[in-house]
Structure formats: structure tokens, C-alpha cells
């Protein structure tokens, strides 16, 4: 297998122990387990806030840590294997207790106590994971309680093993969410981040980037004249872009034209994208 620096942790000076014998590096290290301890952690391609955002990890997400130096941690996501740099302050090496629930609302508030009139401590994204220690009801509102006494609206979380039945319905909830290159949260997404996070909430883990998704998700779909034969849930790929069919004619996608997650006729999207990136490269059915 060809090594991909997006998915394999190796540099000339340091590499993941599991790659010993496959890459050249001055030293090899065993990864340390950690979890993301902030609502959203940007993963950069270099240890600098000026470096581009490649993807994002969410609260409670497990990572493998190879190095912490000068305020930055070189990590690999456990879920999708993506490698990059996050601020060291975004990590916790205390991996207990394990998450019991995850946020199912597109966005929600973390309150200092079970009281919706209190100023929230943070906003959490769909997909964030938390360990719920109990439940309280205050003035008719149910709260999921964390061990430190902070609280989330109970209606906004679900057990980690409970999945949405339809990833397209999850994706549709992102309509008008701002576009963000590298975004993979309810606060902002890019095209492949929308596919990955929506499918994750429906119980299917897929790779992060469009080329990885096109090479691995589902099966190719043969389309007829006028792109006939497509149906809800099919994925349309261009070079560097992907969208989700919500029915046989309309496409939902995070895009830089509207700078949002938008719904439009597939024919309109193809006509607009063609001068810049050409025709679709494939159609796939998960």
C-alpha cells in the first residue's frame, strides 16, 4: 500500500512506530492515547495557525499523539486516520470516563448548571461526544448532566450507539450552514466534511477527503441521458468536490459559490462548476 502523509504519520525526524521498516525516520515512537478536550479542534497541515485547516476534530474524539512541542501536538484521528497538528491545549490525556452520548442537534449549548437562563460555557457541534453521569429536570426542561455539574439539553443528545436512519436527512439539516474549507462541524463544513459527518451520524465511517471517498464509498452508478437513474443518497463527485442527491434531480452540497450548504438542481450545479472543474467524474451509491 502506498503511504499517504494524510493518513500515515511520518516525517524525516519522527514517525509512528507501526511504520518502522516502511519509512525512513530518525526515530520511531509509540502513540499516546488522548481525546479532544475543546468543542472543535482545527487540524492543520503544519504547527502554525497560519497553516491551512485540513479537517476538524470534535469534543471527545479519540486521537493518537506522537509529539507535543512548542504548544502544538502532532496527532492522528482514530476515526478516520487523518494526521496533522492541533494546539496542545486542545488535548486531554485523561481518557476516562469514556463518552456515553453524543450531540445530535446541529448545535447546542453547554450550561454551567441545569438552567437555561445561565450564560452558556460553550457551544457544541453535532457529533461531539460527552460522558453523561445523570439527568435532572428543571422547570420542565430535561438536562443531561456531566460529572462536573455542567449540563446539556437532554433532547440534544443520544447514546453513542444510536444512529440516525438516513444520512441524507442528517445532511439536509445543515442547509445554509456556512461553508468552511476543512470544516467538519455544525458551525461550518466543506463538501466532504458534510458527507463524512452526516454518514457518521448514521453509523457509517468514511474517509475525509473527496478523493478518498470517491475511491471507497459504495459502488459506481451508471447514469443515463440527463443523469437519469440517480436517486436519494447517491453521491456526485467532481475533481475536488462532492455533493449528495436528495432525490433524482436535486443536489445538496457545501460549496464556495454560495459559501454555504445549498440545495439546487443537479443540472444547475453541473453547469456552474464545469468551467472551473469540469464535468462530474463519477456517481456512487453508498
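Starting from residues that are modelled with pLDDT of 95 or more and on the phi < 0 side of the Ramachandran plot, keep the ones in region 225-235 and report whichever is surrounded by the most Cβ atoms within 10 Å (Cβ to Cβ). First the steps, then the outcome.
Residues of region 225-235 modelled with pLDDT of 95 or more: 230-235.
Keeping just the survivors that are on the phi < 0 side of the Ramachandran plot gives 230-232, 234-235.
On the way: 230: 22, 231: 11, 232: 13, 234: 24, 235: 26.
Looking at residues that are modelled with pLDDT of 95 or more and on the phi < 0 side of the Ramachandran plot, I get 235.
Just to be sure before I move on: is residue 3 in a loop (DSSP other than H, G, I, E, B) and not assigned by TED's automatic domain parsing to the domain that holds residue 207 in the structure I sent? Working first, answer last.
Numbers: in a loop (DSSP other than H, G, I, E, B): yes; not assigned by TED's automatic domain parsing to the domain that holds residue 207: yes.
Considered against the rule, which asks whether it is in a loop (DSSP other than H, G, I, E, B) and not assigned by TED's automatic domain parsing to the domain that holds residue 207, residue 3 comes out as yes.
For region 36-59, which residues satisfy the criterion of being assigned to a strand (DSSP E or B) and more than 11 Å from residue 77 (Cβ to Cβ)? If you could, list the steps in order and put the result at the bottom.
Here is the first cut: in region 36-59, the ones assigned to a strand (DSSP E or B) are 36, 40-44, 53-58.
Those that are assigned to a strand (DSSP E or B) and more than 11 Å from residue 77 (Cβ to Cβ): 40, 42, 44, 53.
Taking region 246-286 as the search range and keeping residues that are assigned to a strand (DSSP E or B) and free of Cβ contacts under 8 Å to residues at least 40 places away in the same chain, which one is surrounded by the fewest Cβ atoms within 10 Å (Cβ to Cβ)? Give the steps one after another, and end with the answer.
To start, the set of residues in region 246-286 that are assigned to a strand (DSSP E or B) comprises 250-255, 260-265, 282-285.
From the residues that got through so far, the ones that are free of Cβ contacts under 8 Å to residues at least 40 places away in the same chain too are 250-251, 264-265.
Working: 250: 18, 251: 25, 264: 17, 265: 11.
Of everything passing the filter in region 246-286, 265 is surrounded by the fewest Cβ atoms within 10 Å (Cβ to Cβ).
Which of the following residues is surrounded by fewer than 16 Cβ atoms within 10 Å (Cβ to Cβ) and either at pLDDT below 95 or in contact with a strand residue (DSSP E or B) (Cβ under 8 Å, 6 or more places away or on another chain) (or both): 43, 14, 7, 19?
Numbers: 43 fails: surrounded by fewer than 16 Cβ atoms within 10 Å (Cβ to Cβ); 14 fails: surrounded by fewer than 16 Cβ atoms within 10 Å (Cβ to Cβ); 7 fails: surrounded by fewer than 16 Cβ atoms within 10 Å (Cβ to Cβ).
Only one candidate qualifies: 19.
Only one residue in 133, 123 is surrounded by fewer than 17 Cβ atoms within 10 Å (Cβ to Cβ), more than 22 Å from the chain's Cα centre (by Cα), in the same structural domain as residue 111 (by TED's automatic domain parsing) and under 21 Å from residue 98 (Cα atoms). Which one? Break it down stepwise before answering.
Values: 123 fails: more than 22 Å from the chain's Cα centre (by Cα).
Exactly one of 133, 123 is surrounded by fewer than 17 Cβ atoms within 10 Å (Cβ to Cβ), more than 22 Å from the chain's Cα centre (by Cα), in the same structural domain as residue 111 (by TED's automatic domain parsing) and under 21 Å from residue 98 (Cα atoms), namely 133.
Return a yes/no flag: does region 16-27 have any residue that is within 16 Å of residue 79 (Cβ to Cβ) and touching a residue at least 40 places away in the same chain (Cβ under 8 Å). Break it down into steps so the answer makes sense when it comes.
Step one: of region 16-27, the residues within 16 Å of residue 79 (Cβ to Cβ) are none.
Checked region 16-27: no residue is within 16 Å of residue 79 (Cβ to Cβ) and touching a residue at least 40 places away in the same chain (Cβ under 8 Å).
Any idea how many residues of region 169-186 are out of contact with any strand residue (DSSP E or B) (no Cβ under 6 Å at 6 or more places or on another chain) and touching a residue at least 12 places away in the same chain (Cβ under 8 Å)? Walk me through it before giving the result.
Let us first name the residues in region 169-186 that are out of contact with any strand residue (DSSP E or B) (no Cβ under 6 Å at 6 or more places or on another chain), namely 169-170, 172-173, 181.
From what is left, the residues that are touching a residue at least 12 places away in the same chain (Cβ under 8 Å) are 170, 172-173, 181.
Matching residues across region 169-186 total 4.
Do we have residue 243 as closer than 27 Å to residue 77 by Cα and surrounded by 13 or more Cβ atoms within 10 Å (Cβ to Cβ) here? Show your work before the answer.
Values: closer than 27 Å to residue 77 by Cα: yes; surrounded by 13 or more Cβ atoms within 10 Å (Cβ to Cβ): yes.
Considered against the rule, which asks whether it is closer than 27 Å to residue 77 by Cα and surrounded by 13 or more Cβ atoms within 10 Å (Cβ to Cβ), residue 243 comes out as yes.
The values are calculated or read from the model by the stated rules, or taken from the named source; none is laboratory data. What you see is a predicted model, and the numbers here were worked out from it, not measured in a lab. Positions of Cβ are backbone-derived with ideal geometry, glycine not excepted, and every protein chain shown enters the neighbour counts.
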